[in-house]
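**Q** Before I ask anything, here is the structure I am working with.
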Amino acid sequence: MKRVLVLFLIFISGAGVIIFLNLEWQNDRKLPVYQPNDINPELVDSSLHGRGRGINGGDHKISEFDLIDQLNQKVTKKIMLDKIVLVDFFFVSCPSICPKMTTNLLTIHKHFKLDTSVLILSHTVWPEVDNVNVLYRYAEKYGVDHKYWKFLTGEKQELYRLARQDYLVVPDINDPNFQHGSDADFIHTENIVLIDQKQRIRGFYDGTSATQMQQAIKDIKLLKKAYN
């Protein structure tokens, strides 16, 4: 009996050590800063193939953009300053992955509802249909805070450039379905991108997966801790 008790205590102690080390690892874990050459080439615009750190050793960052949100307000890169941003691409009438993505993003939106440092940018890939009024009704349907979740539209070529060359979520010439923002072009991706306070890519997630959205919440907290 005494031997069993000793073995039990050893087991409990070992389990405690493992849990402690795991928590310490989680606390010390750092997110990678993604460069184009870190991404599957099939998801990277051909003009960026093989690129590591940018000019003068700089990281790949989100470039300037000019779009319109659901409140018919101009949105530029300035909105991302000192913010942690989750980015996705969708269209309102999508019957498959988009509702799942929006619902999962809503979980994150509610989790950080009182946190002004977290922002979501959802870009329509069908600007011909998803005008300001359509996007506003969609945002209202999900009960979002318009200040911290922007549904964006604008020039199709600009939206698709951001998806391919900045957020690195879709291919370019390697995929015959993509024709550089032409009328026949269409992006449909479940990828959600995590951008840090310096406009660098820090994570990719399957937006249809609730599990990966929980991981995104953990990663956002890591970025907040590292930036403070």
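**Q** Would you please give the FRET efficiency between Leu71 and Glu155, computed as 1/(1 + (r/R0)^6) with r the Cβ-Cβ distance and R0 = 25 Å, to the nearest 0.05?
**A** Details: r = 19 Å, r/R0 = 0.74.
Given R0 = 25 Å and the Cβ-Cβ separation, E is 0.85.
**Q** What net charge is computed for the residues neighbouring Thr124, neighbours being all others with C-beta under 12 Å from the C-beta of Thr124, Lys and Arg scored +1, Asp and Glu -1? Show your work: numbers first, answer last.
**A** Details: positive: Lys150, Lys156; negative: Asp69, Asp88, Glu128, Asp130, Glu155, Glu158.
That works out to -4.
**Q** What residues qualify as long-range amide H neighbours of Phe90, i.e. H under 5 Å apart, gap of 5 or more or another chain, H built at 1.01 Å from N?
**A** His123, Thr124, Val125
**Q** Give me, ordered by chain and number, the residues 5 or more places off Val75 or on other chains with an amide H under 5 Å from its own placed amide H.
**A** Leu67, Ile68, Asp69
**Q** Modelled label-to-label distance, Val132 and Leu106, 7 Å Cα→beta-carbon offset: nm?
**A** 2.5
**Q** Let me ask something else. Listed here are the pairs Lys30/Lys156; Lys74/Lys218; Lys30/Lys110; Lys61/Lys224; which of them are more than 29 Å apart at the Cα? It would help to have the intermediate numbers written out before the result.
**A** Numbers: Lys30/Lys156 35 Å; Lys74/Lys218 31 Å; Lys30/Lys110 25 Å; Lys61/Lys224 18 Å.
Where the Cα-Cα span goes over 29 Å, the pairs concerned are Lys30/Lys156; Lys74/Lys218.
**Q** Separate question: So between Ala226 and Lys147, what do we pick up on full extension, going 0.36 nm a residue minus the alpha carbon distance? The partial results should precede the final answer.
**A** On the way: separation 79, 0.36 × 79 = 28.44 nm, distance 2.43 nm.
Result for the pair: 26.0 nm of gain on full extension.
**Q** At 0.36 nm per residue, minus the direct Cα-Cα distance, what do Asp82 and Asn37 gain on full extension? Give it in nm, one decimal, please. Please list the in-between numbers first.
**A** Working: separation 45, 0.36 × 45 = 16.20 nm, distance 2.55 nm.
Full-extension gain reported as 13.7 nm.
**Q** Now a separate question. Quick one: of Lys100/Lys221; Lys141/Lys225; Lys78/Lys141, which pairs are farther than 30 Å apart, Cα to Cα?
**A** Flagged as over cut-off: Lys141/Lys225.
**Q** Given the Cα-Cα distance of Lys61 and Ser96 and 0.36 nm per residue of separation, how much length would full extension add, in nm? Don't skip to the answer; put the middle values down first.
**A** Details: separation 35, 0.36 × 35 = 12.60 nm, distance 3.04 nm.
Difference between extended and current length: 9.6 nm.
We did not get these values from a lab; they are worked out from the coordinates using the rules stated. None of the values given here were measured: they were computed from a predicted structure. All Cβ positions, even for glycine, are placed from backbone atoms using ideal geometry, and neighbour counts span all protein chains on display.
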